[in-house]
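Student: One structure, as structure tokens, below. Some questions next.
Just so you know, all these numbers are worked out from the coordinates, no wet-lab data involved. Owing to the predicted nature of the structure, the values given are computational and were not obtained by experimental measurement. Here Cβ is always computed from backbone atoms with ideal geometry, including for glycine, and neighbour counts include all displayed protein chains.
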Amino acid sequence: MSHFPLHTLDTAPDAAKPLLEHSQQLYGGMIPNLHAVMAEAPPLLEAYQRLNEIFDRTSLDLIERNIVWLAINYENGCTYCMGAHTAIAHMAGLTDADIEALRSGTPLTEAKHESLRSFAAHMVEKRGWADEAQLEALLSAGYTPQTALDVVLAIGMKTLSNYTNHIAHTPLDNAFTQYAWEK
């Protein structure tokens, strides 16, 4: 038995309804199950949506943002987010080889992207206490201190979704079932 309903526009708390309408507009008419669960706590859904919008304005390009998301989802073992973000990564243009590497926690072929994946994974594993060598590897690959902080933002955003999915056992949306994943 789940304690966390999948809200619709009809069942959501009033404060969540405009947030779910926004989700519906962004996702071509569907409300992702994650958002439907988060609607139970409207400030959580609002925070997640806003952090997503803010993360889009970081120094990371679309491919890099997807690398970071998938690396974090892998480390946190989030089955829902790994499935959903696999679909998003395909739409963003990541290669099948890179997506498979991210889904298996293995190194990426392109060195710069691997430094980003490795840094994001390391930050989650060490709960933010990055080894100096890991930070140096990121910077030596051509990234900046801002990049490291952009990863911190992504971890905050993904913590909201990964932890929500862990306690709610959010079912994967039909649109993402082909990308179902287990660690």
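Student: Farthest toward the dipole's positive end in the chain, which of L160, N66, T177, given Cβ charges of +1 (Lys, Arg) and -1 (Asp, Glu) about the Cα centre?
Tutor: L160
Student: Using the alpha-carbon atoms, what tilt in degrees (0 to 90, nearest 10) does helix 42-55 show relative to the longest principal axis of the chain?
Tutor: That works out to roughly 30 degrees.
Student: Here is a follow-up. Taking the Cα centre of the chain as origin and charging only Cβ (+1 Lys, Arg; -1 Asp, Glu), how large is the dipole, in debye to the nearest 20?
Tutor: About 180 debye.
Student: If I fit a long axis through the Cα atoms of helix 62-76 and take the longest principal axis of the Cα atoms of the chain, what angle between them do I get, 0 to 90°, rounded to 10?
Tutor: The answer is roughly 80 degrees.
Student: Cut-off under 20 Å on the C-alpha distance; same-chain residues fewer than 8 positions from K183 excluded. Which aspartates and glutamates are left, in chain and number order?
Tutor: E75, D96, D98, E100, E114, E125, D173
Student: By its C-alpha gyration tensor, with a ≥ b ≥ c as the square roots of the eigenvalues, how is the stretch 1-96 shaped: rounded for a/c under 1.5, else prolate for a/b larger than b/c, else oblate?
Tutor: Prolate, since a/c reaches 1.5 and a/b exceeds b/c.
Student: Of F55, M38, A89, which is farthest towards the positive pole of the stretch 1-154's charge dipole, taken about the Cα centre with +1 and -1 on the beta-carbons of Lys, Arg and Asp, Glu respectively?
Tutor: M38
Student: Can I ask one more? Evaluate the charge dipole of the stretch 90-143 about its Cα centre and quote only its size in Debye, nearest 20, assuming +1 on the Cβ of each Lys and Arg and -1 on the Cβ of each Asp and Glu.
Tutor: 160 debye
Student: Short version: ³J(HN,Hα) in whole Hz for each residue of the stretch 163-177, in order, from phi by Karplus 6.51 cos²θ - 1.76 cosθ + 1.60 (θ = phi - 60°), x for Gly and Pro, what are they?
Tutor: Those phi angles translate into 5, 4, 5, 4, 7, 8, 6, 4, x, 5, 5, 3, 5, 10, 4 Hz.
Student: On a straight-distance basis, which aspartates and glutamates could pair with K17 in a cross-link, Cα separation under 17 angstrom, same-chain partners fewer than 8 positions away excluded?
Tutor: E40, E46
Student: While we're on this one: Compute the helix-to-body angle for 79-92: its Cα long axis versus the longest principal axis of the chain, expressed 0 to 90° and rounded to tens.
Tutor: Around 70 degrees separate the two axes.
Student: To continue, here is another question. Could you tell me which of rounded, prolate or oblate describes the chain, using a ≥ b ≥ c as the square roots of the eigenvalues of the alpha-carbon gyration tensor, with rounded for a/c under 1.5 and, failing that, prolate when a/b is larger than b/c and oblate otherwise?
Tutor: Prolate, because a/c is 1.5 or more and a/b exceeds b/c.
Student: Using the basic label-point model (7 angstrom from Cα toward the beta carbon), what is the E132 to D10 distance in nanometres?
Tutor: That separation, rounded to one decimal, is 6.2 nm.
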